[in-house]
Structures are given as structure tokens and as C-alpha cells.
Amino acid sequence: MTRDERLKTAAQCYADGCTCAQAVFCAFLDEIHVAREDALRLMEGYGGGFGGAQEVCGALSAATAVISYCTSNGKPGAQSNRQEVYRRVRQAAELFRREYGGVTCRDVLRGQPPQALRCGLKVKDAVLITHQVIGGQTCTRCAP
């Protein structure tokens, strides 16, 4: 899927009532090979910064899940691979922090409740950041 297709998918999911986390994660389902319904269930609790608690932004949490899935080799104890996963997740967090001044909903929304327009922009940016961090290419490790 192209970057623009991912953005369109995420925007449509968000417009349909998905949380920020669900929208970002669903934009990468072609890479992750998880059923949409399962993805929606899995990611729902991350919306609003961990169940609406305004902690780590749900869009960034979903980006972390996608980056981890596409980068990890799935082998416990593989330290060199783990360091690569961590490096990419930190890169995504730093890009998000530069854009929004923090990584929590509280930081991004300045203590205000989630807002459709502002959260929609976070979804877009999280998709772009994820696409950038995984190299905009197919996750070869994710192939079925």
C-alpha cells in the first residue's frame, strides 16, 4: 500500500469512529496480516492515551506496535534485533515529540479532552512517521 493509501485508510477509519490507535494500526493491516476486527479489538484500549487517561498518545502507541512488528524477528533474547526495534521506536517518538512537544495526549492536547481535528492530525502524522521509520517499504518479516 502506498503512503497516500495508508493516509486515506487511517483518515477513513478515524472518520468512521475508530480511536486514533485503531486508525493508525489499521492503515498497516496489509503488513501485519491481522484481521481488521481483531485489530480493532486489540487497539481500542490505547485510544485517548491508554483508555482515555491521556497518557502515551494512542496514535504513537499504534505506531510503536507496527514498527515493532515490522522490525522484530520475534526471537526472545535477540539483543541486536531488540536494539534495532528500540532505535526505530525512539526515532518515531522523537519525530512525534518534535511535532507535538511531547508523546502523551496531555502534552499534545494541552490538557484538553480529545478533539476530532487535532487528533485527526495526530493520526495522519503517526502514519507518516511510521511509514518513514519502517522505510516506506514492505515489511519482509511480516510476509505470511
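The values are calculated or read from the model by the stated rules, or taken from the named source; none is laboratory data. A quick note: this is a predicted structure, and the numbers were derived from the prediction, not measured. Virtual Cβ from ideal backbone geometry, glycine too; neighbours counted across all protein chains shown. Note: areas computed on protein heavy atoms with side chains; ligands, DNA, RNA excluded. Shrake-Rupley method; radii C 1.70, N 1.55, O 1.52, S 1.80 Å.
With the structure loaded, tell me whether residue 84 is over 30 Å from residue 117 (Cβ atoms) and either under 13 Å from the mean Cα position of the chain (by Cα) or acidic (Asp, Glu) (or both) or whether it fails that test. Steps first, please.
Details: over 30 Å from residue 117 (Cβ atoms): yes; either under 13 Å from the mean Cα position of the chain (by Cα) or acidic (Asp, Glu) (or both): yes.
In short, yes.
In this entry, residue 10 passes the filter for residues that are in contact with a helix residue (DSSP H, G or I) (Cβ under 9 Å, 6 or more places away or on another chain), open to solvent by less than 60 Å² (accessible area, probe 1.4 Å), of a type in the set (A, V, I, L, M) and within 21 Å of residue 105 (Cβ to Cβ). Within the range 1-57, the set of residues being acidic (Asp, Glu) and in contact with a Lys or Arg (Cβ under 8 Å, 6 or more places away or on another chain) comprises 55 only.
Taking the range 84-125 on its own, how many of its residues are out of contact with any helix residue (DSSP H, G or I) (no Cβ under 8 Å at 6 or more places or on another chain) and assigned to a loop (DSSP other than H, G, I, E, B)? Here the count works out to 5. Suppose we keep only residues that are open to solvent by 50 Å² or more (accessible area, probe 1.4 Å) and assigned to a loop (DSSP other than H, G, I, E, B) within the range 13-33. Which one would you say is farthest from residue 109 (Cα to Cα)? That would be 33.
Being touching a Ser or Thr at 6+ places or on another chain (Cβ under 7 Å) and among the aliphatic types (A, V, I, L, M) is a property that residue 92 has.
Every residue in the range 16-43 that is touching a residue at least 12 places away in the same chain (Cβ under 8 Å), over 17 Å from residue 131 (Cβ atoms) and not polar (S, T, N, Q), please. Of everything in the range 16-43, those that are touching a residue at least 12 places away in the same chain (Cβ under 8 Å), over 17 Å from residue 131 (Cβ atoms) and not polar (S, T, N, Q) turn out to be 18, 33, 39, 40, 42, 43.
Every test in (1) among the basic types (Lys, Arg); (2) closer than 20 Å to residue 47 by Cα; (3) touching a helix residue (DSSP H, G or I) at 6+ places or on another chain (Cβ under 9 Å) is passed by residue 75 save one, and that test is (2).
Step by step: first the residues of the range 126-144, then only those that are at pLDDT 85 or above and part of a helix (DSSP H, G or I), then the one that is surrounded by the fewest Cβ atoms within 10 Å (Cβ to Cβ). Which residue is that? Give the derivation first.
Taking the range 126-144 first, the residues at pLDDT 85 or above are 126-135.
Pick out the ones that are also part of a helix (DSSP H, G or I) and you get 126-133.
Numbers: 126: 30, 127: 26, 128: 18, 129: 23, 130: 30, 131: 21, 132: 13, 133: 22.
Taking the candidates together, the pick is 132.
The residues of the range 44-82 include none that are without any contact (Cβ under 8 Å) to a residue 12 or more places away in the chain and surrounded by 21 or more Cβ atoms within 10 Å (Cβ to Cβ). With the requirement that a residue be of a type in the set (A, V, I, L, M) and touching a helix residue (DSSP H, G or I) at 6+ places or on another chain (Cβ under 7 Å), what does the range 39-54 give you? Once the filter is applied, which keeps residues that are of a type in the set (A, V, I, L, M) and touching a helix residue (DSSP H, G or I) at 6+ places or on another chain (Cβ under 7 Å), the range 39-54 yields 39, 40, 43. Confirm whether residue 107 is among the acidic types (Asp, Glu), open to solvent by 20 Å² or more (accessible area, probe 1.4 Å) and within 16 Å of residue 126 (Cα to Cα). Considered against the rule, which asks whether it is among the acidic types (Asp, Glu), open to solvent by 20 Å² or more (accessible area, probe 1.4 Å) and within 16 Å of residue 126 (Cα to Cα), residue 107 comes out as yes.
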